[in-house]
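J.: First the structure, then my questions, so here it is.
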Amino acid sequence: MVPKIDVRRLAAKKQYEGELEFSFDAEEELLDLPYVHFASPVEVRLGYEICADESVRVRGQLAFTLEGLCSRCLSTARSGLVREIEAVFQAEPKEEEYPYSRGVVDLSEFLRDSVMFALPSRLLCPSCEEEE
Ligand SMILES: [Zn+2]
């Protein structure tokens with residue numbers, strides 16, 4: 001499950017920083033590779049910071065495993081991916097920022113985008129990877 005950041009509630013408690021750890025199942029439709037699927041949930045670790053202007057900065061890491069057929073030789077392949085991710089949420093977002101409304105940050109769209117950017121253009125088995 002993807003948690004939400006309740007900015008108003010946290011700000012009222014003067015809790016301007018924190019850590020989130022959770023996992024969620026990525027949508028298979030994000031994967032554009034034939035015969036490849038997510039072999040694990042997406043594991044996420046995020047630190048958040050609520051700034052004085054009420055923008056919310058998040059930064060952390062996501063990790064997941066892909067499994068399927070090697071894009072080159074069709075033998076079984078498996079790959080663990082880890083990516084650094086970050087974003088800024090604003091009530092009135094500028095370019096490349098994410099919007100949030102009613103004082104609650106919904107991380108879903110940002111995470112969906114992050115998984116999409118983390119996806120490789122192909123999956124290689126160990127022996128094909130060696131030949132690269
Ligand atoms: Zn291969």
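The values are calculated or read from the model by the stated rules, or taken from the named source; none is laboratory data. Here the structure is a predicted model, which means the values were calculated and not measured. Ideal geometry is used to build each Cβ from the backbone, glycine not excepted, and the neighbour counts take in all protein chains shown. Protein only, heavy atoms only, side chains kept; ligands, DNA and RNA dropped before computing areas. Shrake-Rupley method; radii C 1.70, N 1.55, O 1.52, S 1.80 Å.
J.: Is there any pair with a first residue in the stretch 1-12 that is within 16 Å of Ala91 (Cβ to Cβ) and a second that is in a helix (DSSP H, G or I) and open to solvent by 40 Å² or more (accessible area, probe 1.4 Å) whose Cβ atoms are under 9 Å apart and which are 6 or more apart or on different chains, and what are they?
T.: So the pair list comes out as Lys4/Ser108.
J.: Within the stretch 31-61, work out how many residues are among the aliphatic types (A, V, I, L, M) and either on the phi > 0 side of the Ramachandran plot or open to solvent by less than 20 Å² (accessible area, probe 1.4 Å) (or both).
T.: Adding up the residues that qualify gives 7.
J.: Right, next: Looking at the stretch 24-54 only, could you name the residues that are touching a strand residue (DSSP E or B) at 6+ places or on another chain (Cβ under 6 Å) and farther than 26 Å from Cys125 by Cβ?
T.: Selection gives Phe24, Val44, Arg45, Leu46, Gly47, Tyr48, Glu49, Ile50.
J.: Of the residues in the stretch 72-107, how many are under 27 Å from Asp32 (Cα atoms), touching a residue at least 40 places away in the same chain (Cβ under 8 Å), open to solvent by less than 60 Å² (accessible area, probe 1.4 Å) and of a type in the set (Ser, Thr, Tyr)?
T.: 2
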